[in-house]
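Engineer: Before we start, here is the structure in question, set down as structure tokens.
The values are calculated or read from the model by the stated rules, or taken from the named source; none is laboratory data. Just so we're clear, the structure is a prediction, and the values are computed from it rather than from any experiment. Because the Cβ atoms are built from the backbone with ideal geometry, glycine has one as well, and the counts that use them run over all protein chains shown.
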There are 2 protein chains.
Amino acid sequence: MNHASGTLYGLGIGPGDPELITLKALKYLRAAPVLAYPAPLKGESLARRIAQPHLPGEQTEIIIRTSYDKNRQPVEAAYDRAAEEISGHLSEGRDVAMLCLGDPFLYGSFQYLFVRLDHHLPVVVVPGISAPAAGTAAAHIALTAGGDCLAVVPATLDEDVIATRLAGFDAAVIVKVGRHFAKLHGLLRRLGMAEKACYVERVSMTEERILPLDEVDPDSASYFSMILLHNREGASP
Amino acid sequence: MNHASGTLYGLGIGPGDPELITLKALKYLRAAPVLAYPAPLKGESLARRIAQPHLPGEQTEIIIRTSYDKNRQPVEAAYDRAAEEISGHLSEGRDVAMLCLGDPFLYGSFQYLFVRLDHHLPVVVVPGISAPAAGTAAAHIALTAGGDCLAVVPATLDEDVIATRLAGFDAAVIVKVGRHFAKLHGLLRRLGMAEKACYVERVSMTEERILPLDEVDPDSASYFSMILLHNREGASP
């Protein structure tokens, strides 16, 4: 028997607050018979926890459990297996909704599936609220306006690379801070940028923390954190 | 008679598709007795058109009509008047929902009100789906992953500034393209970046256009357009 192929939906579900999902993502999330999401090797999936209030029940669930290397790159084998399992559902005509923290194409883990399945099978990507967008809103930092240039830079890079990428930009977001906090704090102090920098952790979750960079205990920094920088004097957009 | 102050809500309503609004923005949009939004001097407000399917009716509407200079910076006097009118509602205890295309703090016009009213009055900012997030999703361009650095650069800047800002970055979005199209196309050709560049116009609207940069008729480019660039070889995240 032949079936029309199902569609893989890559759904941005936002950074933590279940209300920061779009109507479009919610529609596809509820309609799909199969749900997929990343999870650590042991314990709860953060993506599933965020989507939990919206789940209709009775969905088949594909849990993509991965370990991470020191820069949190997941082991690829888990995504090979997941792609195969998802392909099976799609080929039998069942849509699959893959949950993705934040926005799928801004450092989103959905990309590990996307590169394995796009070009072979129908894929629809629904954008999500990224942690930087939620962070600037929560911290009341009007990040870019007019002719401002914005740099988004991962904290995992070497100090000198980060310094080069920040040079000349009016605004910046350093993502994936976590265990790189001390390195970044030292660097931003040397660049004269620490004083105006804002630290935002677990944005829009109940555990959200927003504070001046200089007030953060380095040992307390989370992977789910960012540093917001902007060089504009005063508050005029 | 004293009232508790109302709250000003800066609501990101996404780039065009009414379904790209979050549950949170929708909640505040529907509950506020007063609605505010930008509009050209004559004609329809795009922000209001996008929000139209969600409006509950019977809201007081504040239309912020502005002309724009050549880089689409609005004339400030209109925002002075709007801030005064909005302050009046807030001081009488009425919440005001201000509609903002895309995300309020990524080049959003909400900032013209924000700088006038934040620190004086209660302000809540709700992030929105930005045009770049929707553009990468629609074009199937996995923009950033792992250690990639992203530059967001307005097309209004001088060519040499844009070239400097793009240098060394793995991915970039050039926003506000419009009448700067020919300048950008020439620049990206000289930099060897035109061939892989993608042009996205009026993303998520019914008039959406997505095509390789080299195939765009320069005279047809819209202000509501962007160029997506990424230097990653192949598709691996």
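Residue by residue, here is whether (1) surrounded by fewer than 24 Cβ atoms within 10 Å (Cβ to Cβ); (2) in contact (Cβ under 8 Å) with a residue 24 or more places away in the chain; (3) touching a helix residue (DSSP H, G or I) at 6+ places or on another chain (Cβ under 9 Å); (4) more than 10 Å from chain B (Cβ to nearest Cβ) holds:
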{"site": "A:83", "(1), (2), (3), (4)": "yes, yes, yes, yes"}
{"site": "A:96", "(1), (2), (3), (4)": "no, yes, yes, yes"}
{"site": "A:131", "(1), (2), (3), (4)": "no, yes, no, no"}
{"site": "A:140", "(1), (2), (3), (4)": "yes, no, yes, no"}
{"site": "A:149", "(1), (2), (3), (4)": "yes, no, yes, no"}
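Engineer: Right, here's the next one. Of these, A:164, A:144, which one is more than 23 Å from residue A:111 (Cα to Cα) and buried (at least 24 other Cβ atoms within 10 Å of the Cβ)?
Structural biologist: Of A:164, A:144, the one residue that is more than 23 Å from residue A:111 (Cα to Cα) and buried (at least 24 other Cβ atoms within 10 Å of the Cβ) is A:144.
Engineer: Oh, and also: Quick check on my filter: what residues within segment B:12-57 are in contact with a Leu (Cβ under 6 Å, 6 or more places away or on another chain) and either assigned by TED's automatic domain parsing to the domain that holds residue B:138 or among the acidic types (Asp, Glu) (or both)?
Structural biologist: The answer is B:19, and nothing else.
Engineer: If you don't mind, there's one more thing I want to ask. Here's a check for you: in segment A:5-22, which residue that is in a loop (DSSP other than H, G, I, E, B) and in contact with a strand residue (DSSP E or B) (Cβ under 7 Å, 6 or more places away or on another chain) is farthest from the other protein chains (Cβ to nearest Cβ)?
Structural biologist: Checked segment A:5-22; the qualifying residue farthest from the other protein chains (Cβ to nearest Cβ) is A:6.
Engineer: Would you check if residue A:144 is facing chain B (nearest Cβ under 7 Å) and free of Cβ contacts under 8 Å to residues at least 12 places away in the same chain?
Structural biologist: Working: facing chain B (nearest Cβ under 7 Å): yes; free of Cβ contacts under 8 Å to residues at least 12 places away in the same chain: no.
Against the criterion (facing chain B (nearest Cβ under 7 Å) and free of Cβ contacts under 8 Å to residues at least 12 places away in the same chain), residue A:144 does not qualify.
Engineer: Might you check whether a residue that is touching a Phe, Trp or Tyr at 6+ places or on another chain (Cβ under 7 Å) and over 29 Å from residue A:52 (Cα atoms) occurs anywhere in segment A:170-183?
Structural biologist: Looking through segment A:170-183, none of the residues is touching a Phe, Trp or Tyr at 6+ places or on another chain (Cβ under 7 Å) and over 29 Å from residue A:52 (Cα atoms).
Engineer: Which condition from (1) within 26 Å of residue A:17 (Cα to Cα); (2) in contact with a Leu (Cβ under 7 Å, 6 or more places away or on another chain); (3) surrounded by fewer than 21 Cβ atoms within 10 Å (Cβ to Cβ); (4) not aliphatic (A, V, I, L, M) is the one that residue A:185 breaks?
Structural biologist: If we test residue A:185 against (1) within 26 Å of residue A:17 (Cα to Cα); (2) in contact with a Leu (Cβ under 7 Å, 6 or more places away or on another chain); (3) surrounded by fewer than 21 Cβ atoms within 10 Å (Cβ to Cβ); (4) not aliphatic (A, V, I, L, M), just (1) comes out false.
Engineer: Quick check on this structure: which one of A:135, A:102 is out of contact with any helix residue (DSSP H, G or I) (no Cβ under 7 Å at 6 or more places or on another chain), at pLDDT 95 or above and over 20 Å from residue B:153 (Cβ atoms)? Spell out the reasoning first.
Structural biologist: Numbers: A:102 fails: out of contact with any helix residue (DSSP H, G or I) (no Cβ under 7 Å at 6 or more places or on another chain).
None of the other options fit; the residue is A:135.
Engineer: While we're on this one: Filter segment B:112-121 down to residues that are in contact (Cβ under 8 Å) with a residue 60 or more places away in the chain and within 18 Å of residue A:136 (Cβ to Cβ) and give me whichever is nearest to the other protein chains (Cβ to nearest Cβ). Even if it seems obvious, please write down each step before you answer.
Structural biologist: Of segment B:112-121, the ones in contact (Cβ under 8 Å) with a residue 60 or more places away in the chain are B:113-114, B:117, B:121.
With within 18 Å of residue A:136 (Cβ to Cβ) added as a condition, the list becomes B:113-114, B:117.
Numbers: B:113: 10, B:114: 6, B:117: 11 Å.
Taking the candidates together, the pick is B:114.
Engineer: Would you mind stating whether residue A:21 is touching a Gly at 6+ places or on another chain (Cβ under 6 Å), buried (at least 17 other Cβ atoms within 10 Å of the Cβ) and of a type outside the set (Phe, Trp, Tyr)?
Structural biologist: yes
Engineer: What are the residues in segment B:190-222 that are of a type in the set (Gly, Ala, Ser), in a loop (DSSP other than H, G, I, E, B) and out of contact with any strand residue (DSSP E or B) (no Cβ under 8 Å at 6 or more places or on another chain), if any?
Structural biologist: Of all residues in segment B:190-222, those of a type in the set (Gly, Ala, Ser) come to B:192, B:194, B:197, B:204, B:220-222.
Keeping just the survivors that are in a loop (DSSP other than H, G, I, E, B) gives B:192, B:194, B:197, B:204, B:221-222.
Within segment B:190-222, B:192, B:194 meet the criteria.
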